[in-house]
Amino acid sequence: HTHTHTYTLVSVFLCVIYIYLLLPLVSLGLVVLGGLLGFCACLCGSLSPALFIGLLHLLAGLCSLATVCCFLAGMDLLHRVSVLPDHVDGALGWSLYLALIASPLHMMAAALLVWAARSHSQSYYRMTVYRVA
C-alpha cells in the first residue's frame, strides 16, 4: 500500500512539474502577443484592441499565479516523497518572489488597459453624439 501511495505522489509530482514548466511559456507568449498587438495599435493610432490586450495580460497574470501555486505544490510533494540531503538548502529562491510580484503587476496592467479601453469608448461615443447634434 505504501508503494502505491508513493507511486501516486510521484506521478502527481511529475504532472505538477509538467504544468509548472508549461505555464510560464504560456504566460510569456500571452505577454509577447499583447505587446505586439499594442505596438501595432500604437502604429495605427487606435485604442480599440486595448480591451483584448488587457484580457491577455489578465490571463498572463493568472498563468503566473498558477505557476507559483504549482511550484509550491510540487515542492510540498517533493518533501513528502523524499528527504533533502544535509548540504541542500530547501529555501525558496528569488525567482519565486519575482513571480509573486509579476502576477499582480500583470493583473494591474490588465485593469488599466480595460479601464483605458472603456473610457476611450465612452469618450468616442460622446464625440459621435456631439458631431450628430
Extension gain, residue 118 back to residue 97 (0.36 nm per residue minus Cα-Cα distance, nm) = 4.3 nm
request  = Starting at the first residue of region 42-47, write each ³J(HN,Hα) from the Karplus equation 6.51 cos²θ - 1.76 cosθ + 1.60 with θ = phi - 60°, in whole Hz, x for Gly and Pro.
outcome  = 5, 5, 7, x, 10, 9
key: Inter-label distance, nm, simple model (7 Å from Cα along the C-beta direction), residue 111/residue 72   = 2.0 nm
ask   = Mind listing the phi-derived Karplus ³J(HN,Hα) values for region 27-36, rounded to whole Hz, using 6.51, -1.76 and 1.60 with θ = phi - 60°, and x for any glycine or proline?
value = 4, 4, x, 5, 5, 5, 4, x, x, 5
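Read-outs throughout are calculated quantities, based only on the coordinates presented, and are distinct from any laboratory measurement. What you are looking at is a predicted structure, and each value in this text was computed from that prediction instead of being measured. Here the Cβ is made from the backbone with ideal geometry for all residues, glycine too, and neighbour counts use every protein chain on show.
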